[in-house]
1. Taking 7 Å along the Cα-to-C-beta vector as the label spot, tell me the residue 158-residue 40 distance in nanometres, rounded to one decimal.
2. So for each of 8-18, 102-112 I average, over its residues, the number of other beta carbons within 10 Å; can you give me the resulting order with the highest mean first?
3. Whole number in Å², please: accessible area per residue of the range 141-186, 1.4 Å probe, ligands, DNA and RNA not counted.
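The values are calculated or read from the model by the stated rules, or taken from the named source; none is laboratory data. Just so we're clear, the structure is a prediction, and the values are computed from it rather than from any experiment. Note: ideal-geometry Cβ built from the backbone for every residue, glycine included; neighbour counts use all protein chains shown. Side chains included, ligands, DNA and RNA excluded: accessible areas come from the protein's heavy atoms. Shrake-Rupley method; radii C 1.70, N 1.55, O 1.52, S 1.80 Å.
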Amino acid sequence: MRVLLVIVVHAAVQALLVLDDPTPGQTTDFLLAAVVSGAVLVAAVWLVAVLVSGPVPQRNGGAPGRIVLAPERPGDAPVVVQPEPGAVRPWRPVVLLRVIVLGVLAVAASLLSPVLVPVVLVLGAPLLVARPSVYRRPIALLWTAFGLVLAAVSWVGALLLGFFVTGPVAAFATWLWFGAAAAFLLWRWAMSSRAPLGQYGQH
């Protein structure tokens, strides 16, 4: 529910920023709107990463966080997973820095080709919520491929939407869809990162 709230609020803010139909240029109003838009986007991505990542281990002698997974079959006992040391702690500044760097890389990629933007975002997104060992799982390749397809479809859909719907309504719908798709992918990467490499390695 909190993730949904972040997605809706972010989409609403982005829609309000284009309410006056700003014209791209070096005017003060447009530059201010662009800065606010970027800052809100970074904050929304960071918050979603925080919410989907769940419990993480504590360091300096603290007790590790516990994650309870539903039993695989009815009647089995729940499985308690102890996240391995070094799992990402989203509230740390380093993760916020990763969000910013990923955004900068996406902008730089857009200067070369708009097609590269979804590729950069999908390949970099797992770094926001996953631990390094998640890349050793076979399922990681599948989720990366699915993410690329979803990002490509979303990207084309956003471009087509601009031909039929404009203004704040188009902005709200676009950011709502992008937010939902991104949150889903981050959540799946986070779940894959939490699960042990053995029995639950395919989750």
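1. Placing both labels 7 Å beyond Cα along the Cβ direction yields 1.5 nm.
2. Highest-to-lowest ranking by the protection proxy: 8-18, 102-112.
3. On a per-residue basis, 59 Å².
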